[in-house]
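The structure under discussion appears below in the form of structure tokens.
The values are calculated or read from the model by the stated rules, or taken from the named source; none is laboratory data. As the structure is a computational prediction, the values presented were derived from the model and not from experiment. Glycine also receives a Cβ, built like all others from the backbone with ideal geometry; neighbour counts cover every protein chain displayed. Each accessible area value is taken on the protein alone, full model and side chains, heavy atoms only, with ligands, DNA and RNA left out. Shrake-Rupley method; radii C 1.70, N 1.55, O 1.52, S 1.80 Å.
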Amino acid sequence: MAPFKSSLARSATKLLGVFRDRDTSLRGFQGEARGTLGPFSATGGDTTRTYNGKTIHTYTTTGAATLVVTGNPKEVEYLIVGGGGHGVGGSGGGGGAGGFRTGTTTIGQGTHNIQVGAGSPMTTSIQYKSVDSPDPYVESPNPKNGGTPSFFGPIISEGGGNGGGESPSGGTISGRDGGSGGGGWAGPSDSPANAGGLGGYVVATQTDSGNPQGNNGGEANNGPDFDSSGGGGGGAGQVGQDAGPDTGGDGGYGLRAPATFRDPGGWTGAPGPGGDWYAAGGGGGGVDGRGATTYGTGGYGGGGSGGTTGGDGTNNTGGGGGGSRAGFAPTASLRGGSGGPGVVLIAYTPD
């Protein structure tokens, strides 16, 4: 008969073997469970295309949307551009571009909320106002004045700040803060130079977003009256340019989309070196017509240029609107340009 110690050792070894087998089996089961979700699949967006081996979901309709995911988690690449701010009539500042953010994140099964930000509208004939101005004058529904943010889940690109202009009480509003800041307003008098808004700020609360999204707007020229000119709106890649005598500041240029999103058959942004640019600032407004007039040019990437009527930011680029010239009486032709709506693009390698 074998010694007790040897028998016990064999029993322990056998028992340990059982645990080892079960542990191996458990690990295998867990591995199978992780794989039971199946291949990654996603639906949503205004268009879905394949380019260079990547599936790209493009969202261009302003407002709420979703990306519905089934299957295993996957890393995706995104480009998110907020809605642009509007330019202001009457030597007003150009609108700031919507915030520009790009990067990668991992998403899992479920419904992911998305929003495409609207550009800030400027449709009425009343000049100088920093917000759209019905009669009697009321504040914009957004009390801080700017385009609407775009987001993909928790990743937010702020709306661009509106150009500077006149407040409801007749005082001066500087260029508004936003993803990129709006240009400053010169006004119809020898007022001090009016500052542009700050970039990388939350439009609704005017607080630092903590994320680099854009740049500051340019400063206005301080007159005299017939020399006054508005500053350019900030863009994602450059600050808005300061105005000079008789010269509106140029809007800051935007940024080019990452190579993943340069699909020539899909949504390709605005012209610029090589194409596919987004989030440019609007050009500043010119003088009131009594002196020489040079309006600010919108930055490449969808910024509207200044003019007799400010140019609108390009659709789905988040470009800021251009400022306009002043005049002796408000007319529809002297309005600033509206901001361009933003865009959300999501790309991944299909299973």
Report task. Could you compute the FRET efficiency for THR111 and ASP246, with r as their C-beta to C-beta distance and R0 at 56 Å, rounded to 0.05? Result -> 0.55
Query - For GLY298, residues with placed amide H under 5 Å, excluding near neighbours - result: GLY251, GLY283, SER305, GLY306
Query raised in the report: At what distance in nm do the modelled label points of THR61 and THR349 sit from each other, each positioned 7 Å from its Cα along Cα→Cβ?
Result: 3.2 nm
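So what's the net charge close to GLY200: Lys and Arg +1, Asp and Glu -1, counting the other residues with Cβ under 11 Å from its Cβ? Please report the intermediate quantities before stating the final value.
On the way: positive: ARG101; negative: GLU158, ASP177, ASP208.
Computed value for this residue: -2.
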Query raised in the report: Ignoring ligands, DNA and RNA, what percent of the accessible area of the stretch 44-102 is carbon or sulfur (1.4 Å)?
Result: 44 percent
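Quick check: with the 1.4 Å probe, what order do GLU166, GLU75, GLU158 take by accessible area, largest first?
GLU75, GLU166, GLU158
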Report task. List the residues whose amide H sits under 5 Å from the amide H of ILE173, counting only those 5 or more places along or on another chain, with H placed 1.01 Å from N in the peptide plane. Result -> GLY165, GLU166, SER167
**Report entry** Table column - 3J(HN,Hα) (Hz), the stretch 335-342, Karplus curve with 6.51, -1.76, 1.60, x for Gly and Pro
**Finding:** 6, x, x, 6, x, x, x, x
Query raised in the report: How large is ³J(HN,Hα) for each residue in the stretch 69-74, as worked out from phi by the Karplus curve 6.51 cos²θ - 1.76 cosθ + 1.60 (θ = phi - 60°), to whole Hz, x for Gly and Pro?
Result: 10, 10, x, 5, x, 8
Query - 5 angstrom amide H check on GLY146, placed H, neighbours 5+ away - result: ASN162
